[in-house]
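Here the structure is laid out as structure tokens; the discussion comes afterwards.
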Amino acid sequence: MTPTQSSRRAVYRRIAQTSYYDWPAYRATPLYDRSSTTGLAEDVRVLATVWFDHDAHDSIEAFVAHWPLAYVEFDAHDRYTGSTTYEMDALFRGFLLKELYGWDYETALCSYLEDRPCPVSSI
């Protein structure tokens, strides 16, 4: 089922109202900041746990497409200096798909994206 604004809101409301979810991690502890990959990994774990518990959310692609990147800070070393085909947000979403599916190499990601419209292209 396709996530709706209402279903997404329900997920974030549940995270906000559940005391043991500290999301986003950089606000919950001084150990992380907006550029912390460890904090980001914790946020993926928390959001995925609640996201896929919702009846309307059963797609990894939808999870990745709706991941809120506004608070993630990509450092200068995370960016390309020259012109690129994709922005950092799209690359992040592509590699998030790779990790969530457990693909060891980018070849599987490339094959996956060639076989269907890119789930991150319209974001």
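Here are the numbers for the structure shown:
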| read-out | value |
| --- | --- |
| In the stretch 44-56, the residues that are part of a helix (DSSP H, G or I) and within 14 Å of Arg14 (Cα to Cα) | Val46, Leu47, Ala48, Thr49, Val50, Trp51 |
| Identity of the residue in the stretch 34-54, among the charged types (D, E, K, R) and modelled with pLDDT of 80 or more, that ends up most open to solvent (accessible area, probe 1.4 Å) | Arg45 |
| Contacts under 7 angstrom Cβ, first residue in the stretch 90-119 being in a loop (DSSP other than H, G, I, E, B), partner at pLDDT 85 or above and open to solvent by 40 Å² or more (accessible area, probe 1.4 Å), 6 or more apart | Pro119/Glu61 |
| Number of positions in the stretch 1-33 that are open to solvent by 60 Å² or more (accessible area, probe 1.4 Å) and either touching a residue at least 40 places away in the same chain (Cβ under 8 Å) or outside any loop (DSSP other than H, G, I, E, B) (or both) | 14 |
| Filtered residue count, the stretch 57-66, keeping only those that are touching a helix residue (DSSP H, G or I) at 6+ places or on another chain (Cβ under 8 Å) and either assigned to a helix (DSSP H, G or I) or at pLDDT 90 or above (or both) | 6 |
| Selection status of Phe92, modelled with pLDDT of 80 or more and aromatic (Phe, Trp, Tyr) | yes |
| Some residue of the stretch 70-78 being open to solvent by 70 Å² or more (accessible area, probe 1.4 Å) and modelled with pLDDT of 85 or more | no |
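The values are calculated or read from the model by the stated rules, or taken from the named source; none is laboratory data. Computed from a predicted model, the values in this text were never measured in an experiment. We place every Cβ from the backbone using ideal geometry, glycine too, and count neighbours over all the protein chains shown. Just the protein is used for accessible areas: all its heavy atoms, side chains included, with ligands, DNA and RNA removed. Shrake-Rupley method; radii C 1.70, N 1.55, O 1.52, S 1.80 Å.
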